[in-house]
1. Is it the case that the stretch 76-92 has a residue that's open to solvent by less than 80 Å² (accessible area, probe 1.4 Å), out of contact with any helix residue (DSSP H, G or I) (no Cβ under 7 Å at 6 or more places or on another chain) and free of Cβ contacts under 8 Å to residues at least 60 places away in the same chain?
2. Which pairs have Cβ atoms under 7 Å, sit 6 or more apart or on different chains, and link a residue in the stretch 146-164 that is open to solvent by less than 100 Å² (accessible area, probe 1.4 Å) to one that is outside any helix (DSSP H, G or I) and hydroxyl-bearing (Ser, Thr, Tyr)?
3. Does the stretch 4-27 hold any residues that are part of a strand (DSSP E or B) and open to solvent by 60 Å² or more (accessible area, probe 1.4 Å), and which are they?
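The values are calculated or read from the model by the stated rules, or taken from the named source; none is laboratory data. Values in this document were obtained by computation on a predicted structure and should not be read as measured data. Here the Cβ is made from the backbone with ideal geometry for all residues, glycine too, and neighbour counts use every protein chain on show. Note: accessible area is taken over every heavy atom of the protein model, side chains too, but ligands, DNA and RNA are not part of it. Shrake-Rupley method; radii C 1.70, N 1.55, O 1.52, S 1.80 Å.
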Amino acid sequence: MGTFPRLGEVSFITKGISSSTKTEPGLYPLLTTAENPTTSDNYQFDSDAVCVPLISSTGHGRATLKRIHYASGKFALANLLAAVQPRDKDKLSTKYLYYILGFKKDSIALLMKGAANVSMNVEDLAKFQIPLQPLEVQQEIVAEIDGYQKVIDGARAVLDNYHPHIPIHPDWPMVALDDVCSVNP
C-alpha cells in the first residue's frame, strides 16, 4: 500500500533560470509554458525532470495549468517553471511522477494565489502530496499508460493520413442545392 508524502520530501524542486523571451537560441531545448520548446545556448539540467509551470495558463485571476512537461537529457528551463526530480530513483520513477502530476494538475493549480497574475512558488509546490506506490507498481502504471499512448498515437497517425476518396462520375446530373432541399437562414 502506498503513502502520500509531500513533493518536497521525495523530490528536488528547482526553479528555472532562463528567460522565456530573452534567452539566446542554441543547441538545447528551452522548456517554457508553451506546448513546444524553443532553444537555448546553454542548459540548466542534464537529467530527467517533470517541469511544472508556476504561473497560471490563463492568468487574469484564474488558476489553471494547461500542461506539464517531461524533459530528459540536457535542457534549459524558463524561470516561470520548476523542475521536479526524484531524490531517490529507487523509490520514485520520474515518468510515474510526470503522470501523477499531470493527472493532478487541477489540484496543483489550487496552490496558486493572486488577483491578476496568479502564481505559486516552489515552497507551495513542495507541500503538494502525491500518492507514492512501491517502485514495481509505479513501473506497471507507467508501462500501462505508455501502452495506451502508443495506441492513441497510432490512431492519430491513421486519422491524420486518412483522406477518403469518393469518385464523382461526370454523367451524374448536377442540380442547385435549393432545388432539392430547403435552405433556412
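1. No: zero hits.
2. Short answer, once both residue conditions are applied: none.
3. Within the stretch 4-27, Arg6, Phe12, Lys15 qualify.
Residue by residue, here is whether (1) outside any loop (DSSP other than H, G, I, E, B); (2) of a type in the set (A, V, I, L, M); (3) over 21 Å from Lys22 (Cα atoms) holds:
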| site | (1), (2), (3) |
| --- | --- |
| Tyr43 | no, no, no |
| Lys66 | no, no, yes |
| Tyr99 | yes, no, yes |
| Ala115 | no, yes, yes |
